[in-house]
Ligand code: 6R9
């Protein structure tokens, strides 16, 4: 029998304990979250557990007055008892390449060395460091190295384009970039450093680029700006004192899309994020000392931050990092990796499950999967069919499924089953975690009481992991999350509370599309499309997609009208896709493009997205009221040309 990972306070093991914890966290949050923070290493304890104003100001603080360093809690704190325990297992893209294992002591030493390299390169507390790296162990090391010296990391998923990098470097005011020569993705090898070079043409303030050698590729290094990590690290000390940071000092900035304008830099801070990552990780997955946890997300997304890195390390668990993709070399890769490393808690996205469901079942049946204990899902609603397949074929009917609802802005899981403790029902995220007070709001902001009800999902009280600000623009955070319904945090999601009080997340109620669990604002994609010289105007909506959850449907008015020939149309479409790839990245490529001569607009010039959404969804008759349209004939044309 393996023993509980740590008998910390606030570890919930039964349904009764859940209800008791929920009650206490609601009635006396200061006592509850004070106790939850006791087990950590503090340089100085906090003065107040909760402070600031939650909403509408959006100025919550947690553990204000406290001093700490999250890496002391991820690493140093475990050395005495878990120095030789595996902290990270790295499974490379190619199954024939050797995997790597790092113990807590080895990881500690690597983080300290990397931190010293950063210091030697002039990085100081408060500096922003942008990381554009493949899923290699050094990405995790580099994030922790930043945290060790109080630099603020901003990881950008290594599929984003040069333009997207440049936007983020400029917005964050980053002066140092860490990158690699190239990356592996399935059968492909993709250059990385050259993308950074292109981005930095418009970022003169970046004075240092630290390059990791991942593929042994010949790489152009700019004199005076670029250095190789392996050269910098030679002979560097393996210890580095951790900077004592204020509880509310920023830990990281992570860019995410909203319904308007450019992606915003979501800011999380030291102490509250730490407590939330640790608490949610241990409780949702019911982590035990011998667990091997595998979260398949890339570290470039919040799921990677909280459940590949910070949550597992704070809890002293073993976390598996995977460089590859679910279908390389074949659709059995996930299951092979689970058997190979005896993974116990497995956390992935519905889109991955759906894509693997489509492959022959033999890919699953060749593996035992007997090590698995808990299955998790995140990023988008999981449809019942995928839920049952996951339960039956992967969990063999004996592993609880935790469908975890949360957001970049919430820092960690908010609504989810706690494995084998609270109810797990298909297509329901379930009950809120202690400290999370979800409500359903009507459009006018009144709370909808009772079960079997639907509304806008909002959160009524602050929790330790709440977004603190959007980098450089607090007003934007206030307007987006806290001002729409004063007294609440507005999630942007619609939800239903079922007859048993379990939450079912329906999807976004704003102009955000969720493609394979990745968020894009329609405005963001339209802005990209409009950069194309042939594009006069565009409108983007989401539509149901079998594997991706939602696909991107773009309606475009071309400069020369609707193309007369098929060849011309293909050429336009190719050029348009190229623009989106250059502006954002491949992940934002429209799935369908329809070239139109006009868009349905109201007399005041507003695009009626409702109609475009319906057409994209395949609805041809029930388009609702079109009498306010300036030119109703446009709709007929769009219907006739539907993809
Ligand atoms: C963690 C993460 C957040 C948006 C969120 C919602 C959707 C996430 C979900 C889910 C239904 C779940 N979402 N988890 N919808 N069920 N279990 O994904 O963060 O990238 O910021 O996306 O994803 O729409 O608002 P992020």
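The values are calculated or read from the model by the stated rules, or taken from the named source; none is laboratory data. Just so it is clear, the structure is predicted and the values come from calculations on it, not from any experiment. Virtual Cβ from ideal backbone geometry, glycine too; neighbours counted across all protein chains shown.
Quick one: count up the residues across region 455-481 that are more than 15 Å from residue 259 (Cα to Cα), crowded, with 17+ Cβ neighbours inside 10 Å and in contact (Cβ under 8 Å) with a residue 60 or more places away in the chain.
Looking only at that region, the number is 10.
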State whether one or more residues within region 422-438 are under 21 Å from the mean Cα position of the chain (by Cα), in a loop (DSSP other than H, G, I, E, B) and surrounded by fewer than 22 Cβ atoms within 10 Å (Cβ to Cβ).
yes
Cβ contacts < 7 Å: first residue under 14 Å from residue 407 (Cα atoms) and within 9 Å of the ligand (Cβ to nearest atom), restricted to region 493-516; second residue modelled with pLDDT of 95 or more and not in a strand (DSSP E or B), any location; separation 6+ or different chain. Result?
505/429
Checking the structure you have, find out if any residue of region 370-385 is out of contact with any helix residue (DSSP H, G or I) (no Cβ under 8 Å at 6 or more places or on another chain), in a loop (DSSP other than H, G, I, E, B), more than 18 Å from residue 326 (Cα to Cα) and within 15 Å of the ligand (Cβ to nearest atom).
no
Positions within region 426-443 being within 14 Å of the ligand (Cβ to nearest atom) and in contact with a helix residue (DSSP H, G or I) (Cβ under 9 Å, 6 or more places away or on another chain), in sequence order:
426, 427, 431, 432, 433, 436
Would it be correct to say that residue 353 is out of contact with any strand residue (DSSP E or B) (no Cβ under 6 Å at 6 or more places or on another chain), surrounded by 22 or more Cβ atoms within 10 Å (Cβ to Cβ) and either modelled with pLDDT of 95 or more or on the phi < 0 side of the Ramachandran plot (or both)?
yes
For region 389-412, which residues satisfy the criterion of being near the ligand (Cβ under 8 Å from one of its atoms), under 11 Å from residue 376 (Cβ atoms) and either surrounded by fewer than 22 Cβ atoms within 10 Å (Cβ to Cβ) or in contact (Cβ under 8 Å) with a residue 60 or more places away in the chain (or both)?
404
Which one is nearest to the ligand (Cβ to nearest atom) among residues in region 356-369 that are surrounded by fewer than 16 Cβ atoms within 10 Å (Cβ to Cβ) and without any contact (Cβ under 8 Å) to a residue 60 or more places away in the chain?
359
Farther than 24 Å from residue 595 by Cα and away from the ligand (no atom under 16 Å from the Cβ): is that true of residue 486 in this structure?
yes
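Listed here are the residues, each with its yes/no results for (1) crowded, with 16+ Cβ neighbours inside 10 Å; (2) in contact with a strand residue (DSSP E or B) (Cβ under 7 Å, 6 or more places away or on another chain); (3) closer than 22 Å to residue 210 by Cα; (4) modelled with pLDDT of 95 or more.
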{"residue": "82", "(1), (2), (3), (4)": "yes, no, no, yes"}
{"residue": "86", "(1), (2), (3), (4)": "yes, yes, no, yes"}
{"residue": "112", "(1), (2), (3), (4)": "yes, no, yes, yes"}
{"residue": "116", "(1), (2), (3), (4)": "yes, no, yes, yes"}
{"residue": "125", "(1), (2), (3), (4)": "no, no, yes, yes"}
{"residue": "130", "(1), (2), (3), (4)": "yes, yes, yes, yes"}
If I ask for residues that are in a loop (DSSP other than H, G, I, E, B) and under 29 Å from residue 184 (Cα atoms), which ones from region 268-296 would you list?
291, 296
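How about region 297-306: which of its residues are within 13 Å of the ligand (Cβ to nearest atom) and either assigned to a loop (DSSP other than H, G, I, E, B) or farther than 17 Å from residue 138 by Cα (or both)?
Narrowing region 297-306 to residues within 13 Å of the ligand (Cβ to nearest atom): 297-298, 300-306.
If the condition is that a residue be within 13 Å of the ligand (Cβ to nearest atom) and either assigned to a loop (DSSP other than H, G, I, E, B) or farther than 17 Å from residue 138 by Cα (or both), then 297, 298, 300, 301, 302, 303 are the ones that fit.
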For residue 421, all conditions in the list (1) touching a residue at least 40 places away in the same chain (Cβ under 8 Å); (2) within 15 Å of the ligand (Cβ to nearest atom); (3) under 30 Å from residue 14 (Cα atoms) hold save one; what is the number of the exception?
(2)
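In region 583-613, how many are assigned to a helix (DSSP H, G or I) and surrounded by fewer than 20 Cβ atoms within 10 Å (Cβ to Cβ)? First the steps, then the outcome.
Step one: of region 583-613, the residues assigned to a helix (DSSP H, G or I) are 583, 586-588, 609-613.
Next cut, surrounded by fewer than 20 Cβ atoms within 10 Å (Cβ to Cβ) only: 586-587, 609-610, 613.
The total comes to 5.
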Determine, yes or no, whether residue 580 is assigned to a loop (DSSP other than H, G, I, E, B) and surrounded by 14 or more Cβ atoms within 10 Å (Cβ to Cβ).
no
